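Data first, discussion second: the structure below is written as structure tokens.
The values are calculated or read from the model by the stated rules, or taken from the named source; none is laboratory data. Nothing here was measured: the structure is a model prediction, and the numbers come from that model. Here the Cβ positions follow ideal geometry from the backbone for every residue, glycine too, while neighbour counts run over all protein chains shown. In case anyone asks, the SASA skips ligands and DNA or RNA and just uses the protein heavy atoms, side chains included. Shrake-Rupley method; radii C 1.70, N 1.55, O 1.52, S 1.80 Å.
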Number of protein chains: 2
Amino acid sequence: MATELKGLTKRSENYSQWYNELVVKADLAEQAPVRGCMVIKPYGYAIWEKMHEVLDAKFKETGHQNAYFPLLIPKSYLSREAEHVEGFAKECAVVTHYRLKNAEDGSGVIVDPAAKLEEELIIRPTSETIIWSTYKNWIKSYRDLPILINQWANVMRWEMRPRLFLRTAEFLWQEGHTAHATREEAEAEARKMQNVYADFAQNWMALPVVRGVKSETERFAGALDTYTIESMTQDGKALQCGTSHFLGQNFAKAFEVQFVDRENKLDYVWATSWGVSTRLMGALIMAHSDDNGLVLPPKLAPIQVVIVPIYKNAEDLQKIDARVASIVDGLKARGISVKYDNADNKRPGFKFADYEVKGVPVRLVLGMRDLENGTLEVMRRDTLEKESMPIEGIEDRVVTLLDEIQENIFRKALSYRDERMVKVDTYDEFKEQIENGRFVLAHWDGTPETEAKIKEETKATIRCIPMDFDTTEDGKCIYTGKPSSRRVLFARSY
Amino acid sequence: MATELKGLTKRSENYSQWYNELVVKADLAEQAPVRGCMVIKPYGYAIWEKMHEVLDAKFKETGHQNAYFPLLIPKSYLSREAEHVEGFAKECAVVTHYRLKNAEDGSGVIVDPAAKLEEELIIRPTSETIIWSTYKNWIKSYRDLPILINQWANVMRWEMRPRLFLRTAEFLWQEGHTAHATREEAEAEARKMQNVYADFAQNWMALPVVRGVKSETERFAGALDTYTIESMTQDGKALQCGTSHFLGQNFAKAFEVQFVDRENKLDYVWATSWGVSTRLMGALIMAHSDDNGLVLPPKLAPIQVVIVPIYKNAEDLQKIDARVASIVDGLKARGISVKYDNADNKRPGFKFADYEVKGVPVRLVLGMRDLENGTLEVMRRDTLEKESMPIEGIEDRVVTLLDEIQENIFRKALSYRDERMVKVDTYDEFKEQIENGRFVLAHWDGTPETEAKIKEETKATIRCIPMDFDTTEDGKCIYTGKPSSRRVLFARSY
């Protein structure tokens, strides 16, 4: 699994190419032989595993349990909820047969025409339909509610322009599907999970996000409200990182899921669904990394500290090994993931470049002179600053340093984002700022028609109606001049 | 999610029906609306999550990393390895189209005939082919080896006679796929992972297994050797719990994966693959459970201890709540998963039956008289024995009790299995013992023809050539009378 380290395109030259190259050079993922699908390599998967672990704990803390529902969904289920099918049914992988047989000419295997399914099956693009068809049998009374279930799964949407992590035909995700007795409870759940996502993004991914509500156009197909968290990439686009949907009674009605409430009346069940996916990997890479490679927040880095020895011969190495052993033990005892790379078949320079491109937050280098002086060289990946420090007490210093890096990465991303968030009041200014890669707060007349025209002319969409800051004020729609009571957030997006 | 507790069929009446009912009544899983697929419910999934967690740690301890490969495999890949396609290509879900469209008559959605794939894609029944087509790009030199990768994934095999957990069209599993520079190293890896599985089965699932090697007929399609662990169900059948395959250079040759070795010569890479699946859930249920429901080994039980209060009024309950709080804290501090069920809408009798059918290892019951006496009632699920004990010190007593239960369940299963393992020397005796549900050690002439005839006549197959005890001795094949140098293990199987 050799990594080609040289020649990473600079962000300023071609941001898009920089990203594509970085994903491969940092050994995170690669294109699979199947169109639009990816292979997530061990280093990339280790980051996803950490995300999974942290999120899973948060879901459980908030009362959710995991379960597993089938990969395949009968085609007819998709038509049950009218808006849902419009939004999702179109680009799906369709299973039509269940058997292969040997070709008569011995050329390989062919699909057995005798094994055609009566009803085609769809590989889940999302699981509302299969899950609500199941909940129907689980829910009779308010006593059976709430149901608070999450599923970790793979899903498939036949993307026409796939990109590693950001948009792939198959991706990994979690999807929460909850059922409630009241509208209020379901709405509170949807907002709660949006907050769980925002907390994870900010405190683990070091990713500042704008929390908001989607416009009708950008809403999940079948939802009454979609709550979102939106991050900014270094080319000034928005990236939707996670969404949480208040589904009202739409799916309950589509699948006839009724319950007897406390007053002994029959009512439809209220629903939410919410999800984040391997797309978060794309958001993470885009937010912090630089022209030297990946920059990872320490809390999600598979390797938090790498130690590289510099030596001339086996005797020297043995001495360094002996000294490093106790440093490794000390770091591990503090819960730090550390790798001592004393492999003899790679030069230090190669190792430096490799761990730099892989975004290991802290690098310690120890040579013979260091050993004599009781020092080592500490490099932090976020600033690339090097400093000589005493070996004595280095373990505690590293703990502090990792915290500092985590915070610094977040603050850097936050000020980058804040500097690029602007208010505009004319359409000309709007177009200019969108072209400059800005998050634009502007007045809008509230109609899907205006939204569509702005999108057509500028490729900017309404990312959300922000919840983190008050945008209420009287103004005029930048496009139609009609009155507006609040600004909304526009940006181009991934 | 109400559970119907009454009327579990007795094992002696109809073992198969007992199993099917138990899986549903214990809230583990249910049939999905898609043929042959299952919904794994939260309680069942929680057990699988524990299995996942423990196994994953063992894989990492033995040097493996997780990664993720695509769900869909180009049809032509399956034909590359000749034996593999014979064994696996046949009953697969086949994706032929990638889009749906609205039916013109408004009746719903139909498959868009314009969106037909050039080459059909198969939902992975196992991933050797897609993984080895990827390894081809990762491996150039012995320095790139070994590759020690595991994947947690869903796979699909179109089963004709599906059964919850034991044989479902879609199931969850892990599949290890390793690449090595030498034959010896690959063989050692395959045996190592068989041992990891055996250790997990015995020490976590409390499941005695016979380790062994498969006969040529029963080998994985494409393997040179298949190492297996086989458990015994209470109806005396064998259940293959996990397999580890030494694949030789078959897949490397099929996908042209060569490397430059230390002597600078080009050679094909050596491979293994190994897996366990949600089938382990079936093995677990079948091994220990009784006519009252599930019996779970404490180490895998999602709830290890349940506490049920007995009270007449809210005032009493408040007193019990207060006393129980410190017991709960004490148990949690000892790493024990405990549930205090003081829900007011269910009677104690209902709770008792529910936790019994769900196999919670230890039940503590606390009434007002107990509170006065400083005692509580302790029931262990494995023996159903009840005992009154002092509340003082109960936390440590429970720790010991859980260990005792874990060990007792294993010993019980072991003696059950050992009592039903017999040596026979004639075919008549063989047929009788197979009919009686025995593991039969018998001489066999080593030919697939004899194996096939015995299977046809008795439904017994060679489960393995055992490795845990020496079966080497001169004898005569029970079927043909030809000379044999060792006994092999025959049984009917799931």
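With R₀ fixed at 41 Å, the C-beta to C-beta distance from A:GLU407 to A:SER326 puts the FRET efficiency at about 0.90. Listed by chain and number, the aspartates and glutamates whose alpha-carbon sits under 16 Å from that of A:LYS459, ignoring those within fewer than 8 places in the same chain, are A:GLU218, A:ASP235, A:ASP428, A:GLU429, A:GLU432, A:GLU435, A:GLU449, A:GLU451.
Please find the FRET efficiency linking B:GLU256 to A:PHE350, where r is the Cβ-Cβ separation and R0 is fixed at 30 Å, and quote it to the nearest 0.05. If you can, show how the numbers build up before the last one.
Values: r = 28 Å, r/R0 = 0.94.
The formula returns an efficiency of 0.60 here.
For the residue pairs A:LYS25/A:LYS60; A:LYS10/A:LYS346; A:LYS10/A:LYS339; B:LYS412/B:LYS476; B:LYS332/B:LYS412, the alpha carbons lie more than 31 Å apart in A:LYS25/A:LYS60; B:LYS412/B:LYS476. Distances between copies of A:PHE352, taken at a point 7 Å out from Cα along the Cα→Cβ vector and listed shortest first: 7.3 nm.
Please say if the stretch A:366-433 is rounded, prolate or oblate, where rounded means a/c under 1.5 for a ≥ b ≥ c the square roots of the C-alpha gyration tensor eigenvalues, and otherwise the choice is prolate for a/b larger than b/c and oblate otherwise? In terms of gyration-tensor shape, prolate. For the protein assembly as shown, the Cα-based Rg and Dmax, in that order, read 30.4, 98 Å. Quick one: net charge of B:LEU247's neighbours, Cβ under 14 Å, K/R +1, D/E -1? Net charge in that neighbourhood comes out at -2.
For chain A, calculate the relative contact order in percent as a whole number, restricting contacts to Cα pairs under 8 Å that are 6 or more residues apart. It would help to have the intermediate numbers written out before the result.
Details: 966 pairs, mean separation 67.6, N = 494.
This gives 14 percent for chain A.
Here B:LYS299 is the anchor, and the aspartates and glutamates within straight C-alpha reach of less than 14 Å, apart from those fewer than 8 places off in the same chain, are B:GLU49, B:GLU53, B:ASP199, B:ASP382, B:ASP403, B:GLU404, B:GLU407.
When chains A and B come together, the accessible area they lose, probed at 1.4 Å and totalled over both chains, is close to 5600 Å². Name the shape class, rounded, prolate or oblate, that the alpha-carbon gyration tensor gives for the stretch A:421-491, where a ≥ b ≥ c are the square roots of its eigenvalues, rounded holds for a/c under 1.5, and otherwise prolate holds if a/b is larger than b/c and oblate otherwise. Rounded.
Hey, what's the stretch B:15-288 come to in accessible area per residue, 1.4 Å probe, Å²? Write out the running numbers ahead of the final one.
Values: 8820 Å² over 274 residues.
For the stretch B:15-288, the solvent-accessible area averages 32 Å² per residue.
Shape class of the stretch A:15-288 from the Cα gyration tensor (axes a ≥ b ≥ c, square roots of the eigenvalues): oblate, since a/c reaches 1.5 or more and a/b does not exceed b/c. The lysines within cross-link reach of A:LYS253, meaning a Cα-to-Cα straight distance under 26 Å and a gap of 8 or more places when in the same chain, are A:LYS75, A:LYS90, A:LYS136, A:LYS140, A:LYS192, A:LYS214, A:LYS265, B:LYS41, B:LYS101.
Kindly provide the helix-only [θ] at 222 nm of the protein assembly as shown, computed as the sum of -39,500 (n - 2.57) over DSSP H runs of four or more divided by all residues, to the nearest 500 deg cm²/dmol? Write out the running numbers ahead of the final one.
Details: 28 runs with 342 residues, N = 988.
Value at 222 nm, helices only, nearest 500: -11000 deg cm²/dmol.
Please give the helix A:448-458 orientation as an angle from the longest Cα principal axis of chain A, in degrees from 0 to 90, rounded to the nearest 10. Around 40 degrees separate the two axes.
In nanometres and ascending order, the distances from the B:LYS319 label point to those of the other copies are 7.5 (point 7 Å from Cα along Cα→Cβ).
Length gain on complete extension for the stretch A:GLU377 to A:GLU456, per 0.36 nm per residue less the alpha carbon to alpha carbon distance? Walk me through the intermediate numbers first.
Numbers: separation 79, 0.36 × 79 = 28.44 nm, distance 5.34 nm.
Stretched out fully, the A:GLU377 to A:GLU456 stretch lengthens by 23.1 nm.
Legend: residues in the stretch B:32-57 shielded by at least 40 square angstrom of accessible surface upon adding the remaining protein chains to the isolated chain (1.4 Å probe, heavy atoms) are B:PRO33, B:VAL34, B:VAL39, B:PRO42, B:TYR45, B:GLU49. Karplus-based coupling profile of the stretch A:21-27, in residue order and whole Hz: 5, 4, 4, 7, 5, 7, 6, with θ = phi - 60° in 6.51 cos²θ - 1.76 cosθ + 1.60 and x standing for Gly or Pro.
Before I look further, what does the stretch B:305-401 give for accessible area per residue, probe 1.4 Å, in whole square angstrom?
Values: 4810 Å² over 97 residues.
Ligands and nucleic acids excluded, the result is 50 Å² per residue.
Above 38 angstrom, tally the Cα pairs of chain A and express them as a % of all pairs, no decimals. Cα-Cα pairs in chain A separated by more than 38 Å: 37 percent.
The residues of the stretch A:98-122 occluded by other protein chains by 20 Å² or more of accessible area, set against the chain on its own, are A:TYR98, A:ARG99, A:LEU100, A:ASN102, A:VAL109, A:VAL111, A:LEU121; surface from heavy atoms, 1.4 Å probe.
Using 0.36 nm per residue and subtracting the Cα-Cα separation, the extra length available between A:LYS101 and A:GLU432 on full extension is 113.2 nm. Per residue, the stretch A:421-491 exposes an accessible area of 51 Å² to a 1.4 Å probe, with every protein chain left in place.
Apolar share of the accessible surface for chain A: 46 percent from carbon plus sulfur atoms, 1.4 Å probe. The same position A:ASP470 in the other copies lies at 8.7 nm from this copy, comparing label points 7 Å beyond Cα toward the beta-carbon, shortest first.
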